[in-house]
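The values are calculated or read from the model by the stated rules, or taken from the named source; none is laboratory data. Just so we're clear, the structure is a prediction, and the values are computed from it rather than from any experiment. Every residue, glycine among them, receives a Cβ derived from its backbone with ideal geometry; neighbour counts consider all protein chains shown. For accessibility, only protein heavy atoms count, side chains too; no ligands or nucleic acids. Shrake-Rupley method; radii C 1.70, N 1.55, O 1.52, S 1.80 Å.
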Amino acid sequence: MLFGRKKRRITRILIVEDEPLVAFDTEYFLSESGFEVVATLDRVADATLILSGEGEIDLVLVDVELADGSGVTVAELARGRGALVLFVTGNCPGEARSLAAGCLAKPYPQRDLLTAIDAIEKTLAGKAPKKLPQSFSLFAQAA
């Protein structure tokens, strides 16, 4: 298929964001871009329940400052179950490099989110991404 969509390694995404407009926009944009949004949550407690379940999750997009705690807790749980983490925050935490594949600084254009996800996918495939958005720090390295 010449013009078909490329096969993605990251297809199922969990969004943990407590700003309703950002959460809704991100969910809609990712769904329209061909990703399956597992859930869109605004609390650490809800994310803990989802991450403790059996469903497959490839990537967790998580804000650091949530209403009932820290997104770092969510990242630790996600990492423990083998899911990739992308922090989407105005303030990337110090431990981000050890917990996440990258950090995307808010506010960001939606195309930067897609470019960040693509860059993470490329590193998983052992390739170096070409150009990264200025607001994105990639921690995962190509093999």
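Data table
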item: Residues that are open to solvent by 50 Å² or more (accessible area, probe 1.4 Å) and without any contact (Cβ under 8 Å) to a residue 40 or more places away in the chain, drawn from the range 116-137; result: 122, 127, 128, 130, 131, 132, 134
item: Some residue of the range 11-25 being under 12 Å from the mean Cα position of the chain (by Cα), modelled with pLDDT of 95 or more, under 13 Å from residue 71 (Cβ atoms) and part of a loop (DSSP other than H, G, I, E, B); result: yes
item: Residue 87 vs. criteria over 23 Å from residue 38 (Cα atoms) and surrounded by 14 or more Cβ atoms within 10 Å (Cβ to Cβ); result: no
item: The lone exception for residue 41 - which of (1) in contact (Cβ under 8 Å) with a residue 40 or more places away in the chain; (2) buried (at least 20 other Cβ atoms within 10 Å of the Cβ) it fails; result: (1)
item: Residue that is nearest to residue 9 (Cα to Cα) [pool: residues in the range 26-38 that are aromatic (Phe, Trp, Tyr) and either surrounded by fewer than 19 Cβ atoms within 10 Å (Cβ to Cβ) or over 14 Å from the mean Cα position of the chain (by Cα) (or both)]; result: 29
